Every structure is written in structure tokens, then in C-alpha cells.
Amino acid sequence: MLVYFIFLNLIFFFKSIKISVIIPIFNAEKYISDCLESIINQTLKDIEIILIDDGSNDKTAKIINKYAKKDKRIIIFRQKNKGAGAARNKGIQISRGEYISFIDSDDMFHYKTLEISYENLIKYNSDIVLFFGRNFKKKQNIKINENIEPFKIKNFTMKGWCCVTWNRVWRASIIKKNNITFGTIKSGEDNIFNAKIFPFLNKIIILDVKLVYHRLVKGSLSSYIENKTLNLYNSIPSIIETWKINNIINVKNSEKIFFALFDFIKFFNKRYKIMFYQYLIKQKLIYNNKFISNAGRFKDFLKKIELETSTL
């Protein structure tokens with residue numbers, strides 16, 4: 001009887017976590033308190049807060065330990081410095097929520113961000129909800145509990161998909177079932193995650209409202225750039241391998257596949273774009289007449305690429 005009671009309580013505990021908030025942290029003593037205050041005071045209470053301390057050597061550990069003692073929803077995991085991508089990957093592994101949200105340690109959510117996101121994810125049975133953000137400078141005072149005006153649900157367009165993951169909440173099962181991971185490079189790891197996951201998403205909704213406050217801090221994890229284009233180019237095989245393993249590469253998904261790839265490389269310089277085109281043509285699995293014929297808006301562009309690169 002006791003075992004059965006414990007089992008029921010475990011089921012209730014796991015089901016009660018609606019959203020796992022994953023925060024990669026590295027030497028964040030200046031801003032982590034602001035970030036955590038915005039999360040622990042969310043109007044949606046059924047959350048877990050996963051802090052991945054990525055080898056901090058300042059006062060970060062002391063600060064987050066203090067918060068963890070006050071709020072049992074906080075889980076702390078420490079690792080040697082591996083970068084934000086590896087930290088987020090660890091957070092995904094240990095998360096238990098129905099949905100997953102990522103936020104940087106120097107950013108903040110509006111107090112209703114997770115409640116509004118969860119309500120609309122359930123209402124529309126969506127795989128992901130996107131919302132907008134407000135950039136602010138590090139010394140600027142921001143009021144994050146401001147009133148939210150009525151907003152509309154926007155139709156998803158292919159603009160604005162790329163580059164960040166902190167302005168959206170994801171269905172956890174899609175990430176875990178298909179082993180969608182961040183890149184482990186120092187900058188651009190979000191691009192890799194977004195490219196990998198896009199073909200697996202069936203429904204995306206956009207909330208026309210600003211729900212995240214993005215602090216512009218020089219030298220933060222999100223602004224660190226070192227050989228970014230080269231590292232992103234070298235990540236293309238891992239993106240395609242993720243699709244191959246999960247059997248997502250088929251004619252039905254061709255437009256999604258090509259969008260994910262072209263959105264991924266849109267910031268490449270000319271040299272790396274040419275290298276990408278050459279690589280794409282070598283991948284006969286995703287570059288053949290039958291596949292291209294179903295590529296929608298990308299069909300003419302693909303034919304142009306083939307002509308341009310055939311003489312290189």
C-alpha cells in the first residue's frame with residue numbers, strides 16, 4: 001500500500017511540471033539575481049528551474065545556492081566550462097517538464113510569460129510558441145511587471161525563425177524523442193538547434209507581444225564570436241545526420257528541410273555559401289529532382305544554385 005501511495009505521488013509530481021526553464025550560467029554574478037527573480041515570481045507556478053553552472057569562478061555559485069535553499073523548484077547542476085550549448089543539452093537531459101523554455105542568465109521574463117505561453121500551447125495544441133522581446137542596455141532600469149495589452153495570435157512566417165531560442169517555449173517530447181541538441185561551439189549554437197528541430201514541428205504559433213527582456217551585454221555567452229561561420233559550416237553534417245537518424249528526410253518534408261538549411265546559412269559570407277551549395281549537391285539524398293520538385297518556394301532558387309556552382 002505504501003509503495004502504491006509513493007508511486008501515485010511520483011506520477012503527480014512529474015505531471016505537475018508544466019514547463020522546465022533551463023538557464024546556462026557562466027560568471028553571471030552581476031545579473032543572475034535579476035533573471036531568477038523573474039522566473040521564481042512567474043504566475044505559472046508548476047515549473048522547474050534548471051541552473052547549469054558552466055564552470056563559473058566568480059560569486060555565481062554562492063548566489064544560486066542561496067536561491068535554491070529558498071525555492072525547491074530550483075535544480076543546480078555544475079560542470080566544467082563547455083559553453084552554453086553543452087549546458088543547455090545537460091538541462092534537456094535532466095528536465096521533466098511537459099514543455100521546455102530556455103533563457104540566458106542576463107535576461108528576464110515578464111512575470112506572465114510562462115502562463116501566457118502555456119495557455120496558448122494547450123489551446124492551440126502547438127509544438128512551439130514564439131513571442132517577441134525587448135532589448136535593453138545593461139545599466140537601463142526595466143519594469144518587467146508592466147501591464148500586458150490585449151494581443152493577437154500571428155500566423156507563422158519564415159521570417160524571424162533563426163538565431164535565438166530564448167523567445168520561445170518548446171514541446172519537450174519533440175526535443176527528446178528526436179535527440180535534438182545544441183551545438184557545442186562558442187557562438188551560434190542556437191542556430192544549430194533551430195535548424196535541427198524545424199522539420200519536426202507541425203504547428204507553430206506566434207504571440208504578438210513582448211514577453212522577454214534581452215540584456216545587451218558585451219562579452220556574454222550570447223555575444224561571444226570566434227570563427228563563427230566556419231564552426232556553423234562544420235555543423236551542417238550533424239544537422240543532416242539528425243534528420244537521417246529520425247527518418248525525417250522525405251519528399252513530404254522537402255520544403256521544411258530546405259527552409260531549415262537556407263535559414264541556417266543566410267548569414268554566411270560568400271565563400272561559405274559556395275561551400276554549402278557544393279556540399280548540398282553532394283548530398284544526393286536531399287538534392288534530387290523529385291525532392292526539389294516538392295521544395296515549394298525554394299525550387300527556382302535550388303535550380304539557380306545548381307547552375308551557379310556547376311562551373312566552380
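Just so you know, all these numbers are worked out from the coordinates, no wet-lab data involved. Quick caveat: nothing in here was measured; it's all calculated off a predicted structure. No Cβ is skipped: glycine too gets one built from the backbone with ideal geometry, and neighbour counts run over all protein chains shown.
Residues Lys62, Lys186, arranged from fewest to most other Cβ atoms within 10 angstrom of their Cβ, appear as Lys62, Lys186. For the stretch 14-223, the dipole from Cβ point charges (+1 on Lys and Arg, -1 on Asp and Glu) about the Cα centre works out to 240 debye, to the nearest 20.
The helix-based estimate of mean residue ellipticity at 222 nm for the chain, built from -39,500 (n - 2.57) per DSSP H run of four or more residues and divided by its residue count, is -12500 deg cm²/dmol to the nearest 500. Multiplying the residue separation of Arg96 and Asn57 by 0.36 nm and removing their Cα-Cα distance gives an extension gain of 11.2 nm. Distance between the modelled labels on Tyr124 and Asn81, one decimal in nanometres: 4.0 nm (7 Å Cα→Cβ projection). With a Förster radius of 45 Å applied to the beta-carbon distance between Glu29 and Asp300, the computed FRET efficiency rounds to 0.30. Whole Å is fine, so just give me how far the alpha carbon centre of the stretch 180-195 lies from that of the stretch 244-312. The distance from the Cα centre of the stretch 180-195 to that of the stretch 244-312 comes to 20 Å.
The Asn145 and Lys177 beta-carbon pair, evaluated with R₀ = 35 Å, returns a calculated FRET efficiency of approximately 0.45.
Taking every DSSP beta bridge that has both ends in the chain, the antiparallel portion is near 30%.
Taking Cβ atoms as reference points and 13 Å as the exclusive limit, the residues near Phe264 contribute a net charge of +2, counting Lys and Arg as +1 and Asp and Glu as -1.
The residues packed around Thr165, meaning those with a beta-carbon under 11 Å from its beta-carbon, carry a net charge of -1 if Lys and Arg are +1 and Asp and Glu are -1.
Summing +1 for each Lys or Arg and -1 for each Asp or Glu among the other residues whose beta-carbon sits under 14 angstrom from that of Thr181 gives +3. The ranking of Ser117, Ser235 from fewest to most other beta carbons within 10 Å of each one's beta carbon is Ser235, Ser117.
Kyte-Doolittle mean at least -0.5 and Cα extent at least 15 Å along the axis: which DSSP H helices of the chain qualify?
2-15, 84-94, 113-124, 228-245, 254-265, 270-282
In this simple spin-label model, placing a label point 7 Å from the Cα along the Cα-to-Cβ direction at both Ile281 and Leu216 gives a separation of 4.1 nm. Between Asn202 and Lys45, residue separation times 0.36 nm minus the direct Cα-Cα distance comes to 53.8 nm. Cβ crowding within 10 Å, taken as a proxy for footprinting-reagent exposure, orders Lys90, Lys196 from fewest neighbours to most as Lys90, Lys196.
For log10 I(q)/I(0) by the Debye sum over Cα atoms at q = 0.07, 0.11, 0.14, 0.15 Å⁻¹, the value calculated from this model appears in [x] -0.24, -0.62, -1.06, -1.24; [y] -0.30, -0.72, -1.11, -1.24; [z] -0.33, -0.79, -1.14, -1.22 under label [y]. Distant-in-sequence amide contacts of Gly83, defined by a placed amide H-H separation under 5 Å and a gap of 5 or more residues or a different chain, comprise nothing.
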